[in-house]
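One structure below.
The values are calculated or read from the model by the stated rules, or taken from the named source; none is laboratory data. On a predicted model such as this, the values are computed, not experimentally measured, just so you know. Cβ placement follows ideal geometry from the backbone for every residue including glycine, while neighbour counts extend to all protein chains displayed. SASA here: full protein model, heavy atoms, side chains in, ligands and nucleic acids out. Shrake-Rupley method; radii C 1.70, N 1.55, O 1.52, S 1.80 Å.
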Amino acid sequence: MEKEVRTRFAPSPTGYMHIGNLRTALYTYLLTKSKGGKFILRIEDTDQERYVEGATDVIFKTMKDTGLIHDEGPDIGGEYGPYVQSQRREIYKEYAEKLVELGGAYYCFCTKERLDDLREKQEAAKVPTRYDGLCSRLTKAEVEAKLAAGEPYVIRQKMPRYGKTTFHDEVFGNISVENAILDDNVLLKADGLPTYNFANVIDDHLMHITHIIRGSEYLSSTPKYNLLYEAFGWEIPTYIHVSPVMRDATKKLSKRDGDASYEDFIKKGYLKEAIVNYIALLGWSPGGDREKYTLEELIDIFDIKGISKSPAIFDENKLAWLNGEYIRELSEEEFHEKALPWYEGVITNPNIDLREVSRLLQKRCEKLSDIPEQVDFFDSLPEYDIDMYTHKKMKTNPENSLVSLERAYEALEKVEDWTFDNIHDTLISLVSELGVKNGVVLWPVRVAVSGKAFTPGGGVEIAYILGKDETLKRIKIGIEKLK
Ligand code: GLU
């Protein structure tokens, strides 16, 4: 029987969910679920200085929102907990000591002063700065004496001085490094906490992780991890490194630019389904041109072979387009509920039926944050220039627009029952009476009622929502402008 696939998403609690991290979580989830495996959430909080209040909740909430539901984790437990690194101190200590016994690590008692001095000398000599291995030469008795005397210590990984370490990555192929360039990194710090480089290996092994998906920035550390697995005699997992998400050819998406986190995009009015769909295809492709997939569909077709080595560029226009497709699929009710907060303070006139506005918008909205500027004219007619009446394709100019508006005013004034169909039929009869193209009447009406060149609907729809009085008032203003 094939071994059960077990994977983990191991974020550090930074207080926000970077899009690149969310994509790592998504790929990990998709790989796992496509193989019927178990997806584990582990919180990597060994860097206590970077601790941010409430940050773990951001992780839980994002995972839940996006549907990346874990099978084991800090909130739901599991067989291999605890799933928060700061609660696993004793475990790391035990394994660091075991590694010393196995010969893969050693105690180091060097003081900060000595290490600073060493670094300065190496910098001055322009050689790579790294630990010189002094304490690796201490005898067992010397180490014991120092420990007994309570000297502070760290535990360092003992790197081989010769040979090469090679590992295989599913995306990047085989990678080799010369062992001579590897530093004897600290595994267990003086405060008893592990470094990330140590904790992740111990946890991945103890949690029976079979596949590791993480950012390509970890490629260079992987040989060190493999040396740890080997020293313990543990099975090495399958590695899948993914390239970063870029803002353009040279810059990564960054929190500082306000375009890096999941929450930033939610605030901008993107739907979570669209975000998940978009980032799935950001650096992974199932082949073909199809661009719209639900999470369930992604599980069915996910294959790590489709992960690309080259960095992916985040194209917000594309996300906006996809988001528009998702907006179109919502029920009227769902869309209206999502749109409502965006009308606040923008449409305050109680005569405007917001449901009708939503009906209009849903057909043309790409993201919810566009709503205020799409609908601001309902409350009051903006200032506009009469140049807007000139439209080449509609064959309008200020002269024929004036005629159209005057005649439209007369005709619409007679409409008793202000329904969409009645307004429409009235204007279309006017078109045939005048013997002109539709645009010659409809374009000036649209400009007059909205004061805008781009509106979420045509003149008839807008007039209907505005009501008879307001429509006539606005057409009159148009007439006055054009006279
Ligand atoms: N805690 C690491 C991070 O947030 C995880 C890296 C890994 O997946 O091993 O970058």
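Restricting attention to the range 47-58, which residues are within 11 Å of the ligand (Cβ to nearest atom) and either without any contact (Cβ under 8 Å) to a residue 60 or more places away in the chain or not in a loop (DSSP other than H, G, I, E, B) (or both)?
R50
Quick one: in the range 205-221, which of the residues that are more than 23 Å from the chain's Cα centre (by Cα) and β-branched (V, I, T) is farthest from the ligand (Cβ to nearest atom)?
T210
Please enumerate the residues belonging to the range 222-252 that are within 16 Å of the ligand (Cβ to nearest atom), open to solvent by 20 Å² or more (accessible area, probe 1.4 Å) and more than 25 Å from E4 (Cα to Cα).
K224, P244, K252
Quick grid of which residues meet (1) in a loop (DSSP other than H, G, I, E, B); (2) buried (at least 23 other Cβ atoms within 10 Å of the Cβ); (3) within 13 Å of the ligand (Cβ to nearest atom):
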| position | (1), (2), (3) |
| --- | --- |
| K3 | yes, no, no |
| T7 | no, yes, yes |
| A25 | no, yes, yes |
| T32 | no, yes, no |
| K61 | no, no, no |
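If you take the residues of the range 253-302 that are of a type in the set (D, E), in a loop (DSSP other than H, G, I, E, B) and free of Cβ contacts under 8 Å to residues at least 40 places away in the same chain, which of them is surrounded by the most Cβ atoms within 10 Å (Cβ to Cβ)?
Among residues in the range 253-302 that are of a type in the set (D, E), in a loop (DSSP other than H, G, I, E, B) and free of Cβ contacts under 8 Å to residues at least 40 places away in the same chain, the one surrounded by the most Cβ atoms within 10 Å (Cβ to Cβ) is E291.
In the range 207-225, what residues are in a helix (DSSP H, G or I), over 19 Å from L22 (Cα atoms) and of a type in the set (S, T, N, Q)?
Matches in the range 207-225: S220, S221, T222.
Tell me, which residue of the range 439-483 that is open to solvent by 40 Å² or more (accessible area, probe 1.4 Å), over 43 Å from the mean Cα position of the chain (by Cα) and under 14 Å from I386 (Cβ atoms) is modelled with the lowest pLDDT?
The qualifying residue modelled with the lowest pLDDT is K483.
What pairs can you find where one residue is in the range 187-199 and touching a residue at least 60 places away in the same chain (Cβ under 8 Å), the other is among the hydrophobic types (A, V, I, L, M, F, W, C) and within 15 Å of the ligand (Cβ to nearest atom), and their Cβ atoms are less than 6 Å apart, with a gap of 6+ or different chains?
L187/F198
Considering only the range 127-146, state which residues are within 20 Å of N185 (Cα to Cα) and open to solvent by 80 Å² or more (accessible area, probe 1.4 Å).
Residues satisfying the conditions are P128, R137.
Condition first: within 12 Å of the ligand (Cβ to nearest atom) and out of contact with any His (no Cβ under 8 Å at 6 or more places or on another chain). Now tell me which residues in the range 34-46 satisfy that.
R42, I43, E44, D45, T46
Restricting to the range 181-204, name every residue that is within 13 Å of the ligand (Cβ to nearest atom), open to solvent by 10 Å² or more (accessible area, probe 1.4 Å) and either under 24 Å from L30 (Cα atoms) or of a type in the set (S, T, N, Q) (or both).
Those that are within 13 Å of the ligand (Cβ to nearest atom), open to solvent by 10 Å² or more (accessible area, probe 1.4 Å) and either under 24 Å from L30 (Cα atoms) or of a type in the set (S, T, N, Q) (or both): T195, N197.
For Y95, work out the one condition from (1) more than 16 Å from the ligand (Cβ to nearest atom); (2) farther than 30 Å from P152 by Cα; (3) not small (G, A, S) it doesn't fulfil.
If we test Y95 against (1) more than 16 Å from the ligand (Cβ to nearest atom); (2) farther than 30 Å from P152 by Cα; (3) not small (G, A, S), just (2) comes out false.
Which residue out of I313, I347, I301 is β-branched (V, I, T), at negative phi and more than 22 Å from the chain's Cα centre (by Cα)?
Answer to the selection: I347.
I'd like the full set of residues that are exposed (fewer than 13 other Cβ atoms within 10 Å of the Cβ) and part of a loop (DSSP other than H, G, I, E, B), limited to the range 304-314.
Selection gives S310 alone.
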